[in-house]
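A short write-up of the structure that comes next.
The values are calculated or read from the model by the stated rules, or taken from the named source; none is laboratory data. Source: prediction; values computed, not measured. Every residue, glycine as well, gets a Cβ built from its backbone with ideal geometry; the counts of neighbours run over all protein chains shown. Calculation scope for accessible area: heavy atoms of the full protein, side chains included, ligands and nucleic acids excluded. Shrake-Rupley method; radii C 1.70, N 1.55, O 1.52, S 1.80 Å.
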Amino acid sequence: MKRLFRILIFSVLSIYSCNIFASEKKFSQMLLAGGDDIRPLKIGDKVPDIVFKQMIGYPKSTAKLSDFKGKLLILDFWSVYCTVCIAEFPKMTRLQKQFDDKIQILPVGFEDDKPRSNIAEFLKRRKGTPAELKLPTAVQSKDDKVLQQLFPFTGLPHEIWINSEGILVGITNHFAVAPANINLVLAGKDLSHIKSIENMNNMKLLMPDDEFLINRRDQSVFGSAFAGYFDRIHNGWNFGEQADSSYWRFFDTRLTPYQYYAKLYEKRFKSLGRNLYPESIIVEETPGTKFFARDKREYMGDDGFLDNYEFEKFMNENTFSYELILPKSYSLDDVYEYMINDFDKFFKVESRVEKRPIKVLALVKTNSEELYKSKSGIKYMSGASKFIGKGGEDGAKWEMRGSDLADIINFLNKRNLPLTVVDKTGISNKVDLNVSMNDSNRPWPLAEAREQLKTYGLDLVETVHNMEVLVLYNKRNVEPQDSK
């Protein structure tokens, strides 16, 4: 009887094992065929032995997932259109060098049917430049849907973490690719506590008709409200006024105080708007006080990386949500003043516009020839057409025709030059300019900007200029915090 029982158990196990083997074989066949029956994987799942059909910078023209067994494998999904992805290349190279043979970071470039998306050509143009990608790279053609089916995504970068045993242990954004999380996985942990990028990209988009901080069902409710950082809401409305016959409404989320003040004062004081950017706002501190951080980089760790923990810390401590609803009996200027008072009280500052001597870049004429003078006077500005810059980076060109000097100054101030640009040319006629940047993903180098402007008899010269600026006098009386 016992022998019969053992035979039955053995038979059941054998059938079960055969079924598992058959299902794995069927799944592998579906992977090769790219079938519609492939289901997305979740944390803890065994990742099948995916075949990468085209490899660049690798000993073989193809690769399999099992080739990397014994290492932590991070699949870094990217495309030529994703400037953030491209900017991450040096970081990925540094991490690979730091952890050596314990990990393999494998960039996976996704192509579409446009010639510009060709990964091999893109990488070839960057060979030997600061923008070179120095890691083995897998290419996914537009017809190869396997990775998209296994690891669905709606935005890039998209990071897939597979441990040394082939188990999916993380689906994250690019901030999470940092030493702290790599060490966690190498120690046998998973990253299920980190928000996956598809969740980040599927955040609720806040639109004009949506309810937010104030209940608008009660038409008699007016006022304003603040809230902290919402990690699942993103604004689809650029702090513009929304109004009907009975009320004004302004709202936004995930902005720093600097961003709120810049948007608000640009609307309230039109003359200030041309020179007002979050970076140009002056904060006057008193001993024992510290205002909010201006930039995420202030939270960067000693390792030189801004990881997901530091990013969330910055967002939680320095970004806010706001909504205002007022009756139409208020003028628009009254509404702006109401918001200024709101912000000053909430952020515990006194904001004011002052005239101060400020270091600026003055746009000046270098000769009497009017090489910039418009040929037609008809106003036209092209979008940023792309090309490959001298260093192999993504360059961009702009064509401006019949532009006012104010338009040129505004254009220059949006190129992230080291100082605010002001007009000292005295030019009153219309202007034609063609300019280009060798790397549109970075601030425009001053030397490069000057070189191009000189072809039109123009230059940028550092000087001190008395100009209106926004000053925030901090009254928070908060001891400085260690942001690390």
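Below, the figures for the structure above:
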{"quantity": "Radius 13 Å from Cβ of TYR58, net charge of other residues (Lys, Arg +1; Asp, Glu -1)", "calculated": "+3"}
{"quantity": "Segments 299-310, 112-123 sorted - mean Cβ within 10 Å per residue, highest first", "calculated": "299-310, 112-123"}
{"quantity": "Links that overshoot a 24 Å alpha carbon limit, given the list LYS53/LYS114; LYS355/LYS397; LYS397/LYS430; LYS263/LYS475; LYS60/LYS114", "calculated": "LYS355/LYS397; LYS60/LYS114"}
{"quantity": "Percent accessible area from carbon and sulfur atoms, the stretch 290-353, protein chains only, probe 1.4 Å", "calculated": "47 percent"}
{"quantity": "Spread of Cα-to-Cα distances over 10 Å intervals beginning at zero, given as percent, for the stretch 318-375", "calculated": "15, 26, 20, 16, 20, 4"}
{"quantity": "For ARG94, net neighbour charge (Lys/Arg +1, Asp/Glu -1) across residues whose Cβ lies under 15 Å away", "calculated": "-3"}
{"quantity": "Proximal charge balance of PHE320 [Cβ under 12 Å; K/R count +1, D/E count -1]", "calculated": "-3"}
{"quantity": "The stretch 58-145: Cα Rg divided by the 2.2 N^0.38 Å rule of thumb", "calculated": "1.08"}
